[in-house]
Amino acid sequence: MVGVNDIRDINQTVFLHLIREKQPISRADIAKITGLRAGTVSTIVNRLIKNGFVYEGTEGPSSGGRPPKNLYINSETFYVLAIDIGVTDSVYAVSDFNGRILQQRSLLTEGEPTKFLNSLADSIEDLVSKQFPRARFAAVGVSLPGLIDRETGSIVSSPNLEWNGVAVREILQGRLNLPVFVENDANAAAFSELWYGPLDEASIQTLLFVLVVEGLGTGLIINRELRVGPRFGLGGFGHMSIDPNGELCSCGRRGCWETFASERATVERFHRVTAKQGLPFVGIQELIARAKNGDPMALESIKITAEYLGEGISNLVHGLYPEAVVIGGNITAAWSIIEPILHSRIRSKYVVAPEQILIRPASVQRPSLFGAIPIALQNYFKSATSPHTLAATKR
Ligand SMILES: [Zn+2]
């Protein structure tokens, strides 16, 4: 029966998304949009109401019969903390149950991991005590690159962060006194599309997310569920080797997809040429800005990345046939440059109607941060613990 529970847990998150976007919305509307049976819809809605996440009210003149009962999000009953730990910087945010980010702060990811996680907790406590002193928090969602042990919430190995065996959940839970749920960043990014993606894609069942950051990760949605795999999760396709004689990857192997298509690869490609001319190092954002302004070297660097991205996606599309491929990361700021290359790469090799596959940039700016919100919510629904007052833990 685990499967059934899982589906309900996931549907609670999807329902919150629908209600958030469409409120006021009736149960019948939800059934129509999701294609779920009325009985299933009611079971899930009743649970949301019982837990205080959603309330039911009537609105508008009745046309004679029973007035329609509409559903609304109890957006300020509880809050959620989302944390996105990146290789160079980390961001955390306070979100309401509408998934709306109310406050956001960032800090550099630096120093020894335990020390860093403690200063992150200091910063969160400072923000919460000043700006949300009376708020009740349901849970914390954390997203970071690497392999995660889902039983302990520890990071097993993150070649890009250079963190190994770090007890992320234990450390943050100890400090924040809230349930903490840790997820791989590309998985969180994929999940962000279920929650923040366009509603006209609500019928899409299978989605491949390609997160292009310092490294490169993928997340997979199948049947509108995030495919997380076993205890240590799926490695994703970022470390799929596409050239066994290629460059050494952070994972220890050679020629992984990320050594060709990640931000780091793009910047290094550019820098290999410019360094010879004695020009200073530039970051990915500056590089993209230059490419858009027509700097030929920057443009070339981005275009080559797009070729490799397209090449990898072409292989995955061939095997997985997702309905949508979504790309996240700074590279999407150069969408007008990369889009035609992606399409031509995917089209050139694909044997089945590739035009049916939607390829688009992510729906939100930092998808791994936004994805941490529904990750926290979904796991919170599963564990059904009662909300906490964060500020109380410090005193
Ligand atoms: Zn690798």
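The values are calculated or read from the model by the stated rules, or taken from the named source; none is laboratory data. Since the structure is predicted, the reported quantities are computational estimates derived from the model, not experimental observations. Methodologically, a virtual Cβ is constructed for each residue, glycine included, from the backbone with ideal geometry; neighbour enumeration extends over all protein chains shown.
With (1) surrounded by fewer than 24 Cβ atoms within 10 Å (Cβ to Cβ); (2) within 18 Å of Ile83 (Cα to Cα); (3) outside the structural domain of Gly319 (by TED's automatic domain parsing); (4) in contact (Cβ under 8 Å) with a residue 12 or more places away in the chain as the list, and Ala139 as the residue in question, which single condition is left unmet? Against the list (1) surrounded by fewer than 24 Cβ atoms within 10 Å (Cβ to Cβ); (2) within 18 Å of Ile83 (Cα to Cα); (3) outside the structural domain of Gly319 (by TED's automatic domain parsing); (4) in contact (Cβ under 8 Å) with a residue 12 or more places away in the chain, Ala139 comes up short only on (1). Condition check for Leu194 on (1) of a type outside the set (Asp, Glu); (2) at pLDDT 95 or above; (3) outside the structural domain of Ser383 (by TED's automatic domain parsing): one failure, at (2). Got at least one residue in region 88-97 being at pLDDT below 95 and farther than 29 Å from Ser157 by Cα? Yes - at least one qualifying residue is present in region 88-97. Based on this model, can you work out whether Leu279 counts as assigned by TED's automatic domain parsing to the domain that holds Ala333, within 16 Å of the ligand (Cβ to nearest atom) and farther than 20 Å from Asn315 by Cα? Against the criterion (assigned by TED's automatic domain parsing to the domain that holds Ala333, within 16 Å of the ligand (Cβ to nearest atom) and farther than 20 Å from Asn315 by Cα), Leu279 does not qualify. Sub-6 Å Cβ pairs linking a first residue in region 206-233 that is within 25 Å of Gly255 (Cβ to Cβ) to a second residue that is buried (at least 24 other Cβ atoms within 10 Å of the Cβ) and at pLDDT below 90, at least 6 apart or interchain, are Gly217/Gly236; Thr218/Gly236, ordered by first then second residue.
Applying the selection to region 234-243, what residues are assigned to a loop (DSSP other than H, G, I, E, B) and surrounded by fewer than 19 Cβ atoms within 10 Å (Cβ to Cβ)? Show your work before the answer.
Here is the first cut: in region 234-243, the residues assigned to a loop (DSSP other than H, G, I, E, B) are 234-240, 242-243.
If the condition is that a residue be assigned to a loop (DSSP other than H, G, I, E, B) and surrounded by fewer than 19 Cβ atoms within 10 Å (Cβ to Cβ), then Leu234, Gly235, Met240, Ile242, Asp243 are the ones that fit.
Residue by residue, here is whether (1) of a type in the set (A, V, I, L, M, F, W, C); (2) more than 28 Å from the chain's Cα centre (by Cα); (3) modelled with pLDDT of 85 or more holds:
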position	(1), (2), (3)
Pro24	no, no, yes
Lys32	no, no, yes
Ala38	yes, yes, yes
Glu56	no, yes, yes
Tyr72	no, no, yes
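Taking region 248-269 on its own, how many of its residues are modelled with pLDDT of 95 or more, under 15 Å from Val87 (Cα atoms) and within 9 Å of the ligand (Cβ to nearest atom)? Residues flagged as modelled with pLDDT of 95 or more, under 15 Å from Val87 (Cα atoms) and within 9 Å of the ligand (Cβ to nearest atom) within region 248-269 amount to 1. Determine whether region 51-66 contains at least one residue that is small (Gly, Ala, Ser), within 16 Å of the ligand (Cβ to nearest atom) and either closer than 22 Å to Leu16 by Cα or not in a strand (DSSP E or B) (or both). Scanning region 51-66 turns up no residue that is small (Gly, Ala, Ser), within 16 Å of the ligand (Cβ to nearest atom) and either closer than 22 Å to Leu16 by Cα or not in a strand (DSSP E or B) (or both).
If a residue has to be surrounded by 14 or more Cβ atoms within 10 Å (Cβ to Cβ), in a helix (DSSP H, G or I) and either of a type in the set (Gly, Ala, Ser) or more than 29 Å from the chain's Cα centre (by Cα) (or both) to count, how many in region 244-285 make the cut? Total meeting the criteria: 4.
Here's the yes/no breakdown for (1) modelled with pLDDT of 95 or more; (2) in a strand (DSSP E or B):
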{"position": "Leu117", "(1), (2)": "yes, no"}
{"position": "Asp122", "(1), (2)": "yes, no"}
{"position": "Ala138", "(1), (2)": "no, yes"}
{"position": "Gly141", "(1), (2)": "yes, yes"}
{"position": "Glu170", "(1), (2)": "yes, no"}
{"position": "Gln173", "(1), (2)": "yes, no"}
{"position": "Ala189", "(1), (2)": "yes, no"}
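Looking at Ser314, Ser301, which one is closer than 18 Å to Met240 by Cβ and buried (at least 16 other Cβ atoms within 10 Å of the Cβ)? Outline the logic, then answer.
Values: Ser301 fails: closer than 18 Å to Met240 by Cβ.
Ser314 is the lone residue from the list that is closer than 18 Å to Met240 by Cβ and buried (at least 16 other Cβ atoms within 10 Å of the Cβ).
Of the residues in region 148-164, none is under 19 Å from Phe370 (Cβ atoms), in a loop (DSSP other than H, G, I, E, B) and either within 16 Å of the ligand (Cβ to nearest atom) or not assigned by TED's automatic domain parsing to the domain that holds Tyr92 (or both). The residue of region 212-241 that is farthest from the ligand (Cβ to nearest atom), among those that are aliphatic (A, V, I, L, M) and at pLDDT below 90, is Leu226. For Arg264, are the conditions met, namely being without any contact (Cβ under 8 Å) to a residue 40 or more places away in the chain and closer than 21 Å to Val213 by Cα? The answer is no for Arg264.
Output the residues belonging to region 291-337 that are among the hydroxyl-bearing types (Ser, Thr, Tyr) and on the phi > 0 side of the Ramachandran plot.
Tyr321
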